[in-house]
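Working notes, beginning with the structure itself.
Where a number appears in this text, it was derived from the coordinates with a stated rule and is not lab data. What you see is a predicted model; the values in this text were computed from it and never measured. Here the Cβ is made from the backbone with ideal geometry for all residues, glycine too, and neighbour counts use every protein chain on show.
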Amino acid sequence: MRRALPAFIATVFALILLASFHTAHGTVALGVTQHPTTPVTPPDTPATGSPPSTASPPPTTAAATGSRRVVDGAVETNRYGDVQVEVTLQGARILDVQALQLPSDRERSAEISSVAGPLLRQEALQAQSANIDTISGATYTSESYKRSLQNALDKAGVK
């Protein structure tokens, strides 16, 4: 009987914690194994593997299809550090998104950024917009990433 009571209490406590655990709609949990996906790569990436140009041409409208351009988003600061993205566009199509800055001054921030950065990039490429899911465990970074991406899309005239 002495062992049964603590085991019962621990079980009830675990069930209460489990029942009260909620994830926000539209979040992806860090550390959760996801199904393997095919990497999203631009259809006309040069075979040389060289990174896209970092020069930012003046903003143009999305109507200028066919012209490839790279636009930097604003630096978005949150409590863990700065976030800035660079988006490569062809017309209104997002070909690539690269994080120029992610929080990394603390070991934990660097760890979170190393997981969240690629997930956020994949989300943006699939969504073809800044309307992407928040990464659970990287909420501040996710929100800053979205704002920087939206800023870059606004600069480029992409709706």
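Whole-Hz ³J(HN,Hα) for each residue in the stretch 151-158, computed from phi via Karplus 6.51 cos²θ - 1.76 cosθ + 1.60 with θ = phi - 60°, x for glycine and proline: what do you get?
Rounded to whole hertz, the list is 4, 5, 5, 5, 4, 7, x, 8.
Enumerate the calculated ³J(HN,Hα) couplings along the stretch 70-86 in order (Karplus 6.51 cos²θ - 1.76 cosθ + 1.60, θ = phi - 60°), each rounded to whole Hz, writing x wherever the residue is Gly or Pro.
Along the stretch 70-86, the couplings run 10, 10, 8, x, 5, 6, 10, 9, 10, 5, 9, x, 8, 10, 8, 10, 10 Hz.
Return T77, T134 ranked ascending by Cβ neighbour count within 10 Å, so the fewest neighbours appear first.
The fewest-first ordering by Cβ neighbours comes to T77, T134.
Give me, ordered by chain and number, the residues 5 or more places off S136 or on other chains with an amide H under 5 Å from its own placed amide H.
Amide H neighbours of S136, under 5 Å, 5+ apart: V28, A29, L30.
Provide the per-residue ³J(HN,Hα) series for the stretch 126-141, in order, calculated from phi with Karplus coefficients 6.51, -1.76, 1.60 and θ = phi - 60°, each as a whole number of Hz, with x at glycine and proline positions.
These are the phi-based 3J(HN,Hα) values: 6, 6, 6, 6, 8, 7, 10, 5, 7, 8, 4, x, 9, 4, 5, 4 Hz.
Rank the residues V158, V115, V85 as a footprinting-exposure proxy: fewest other Cβ atoms within 10 Å of their Cβ go first.
V115, V158, V85
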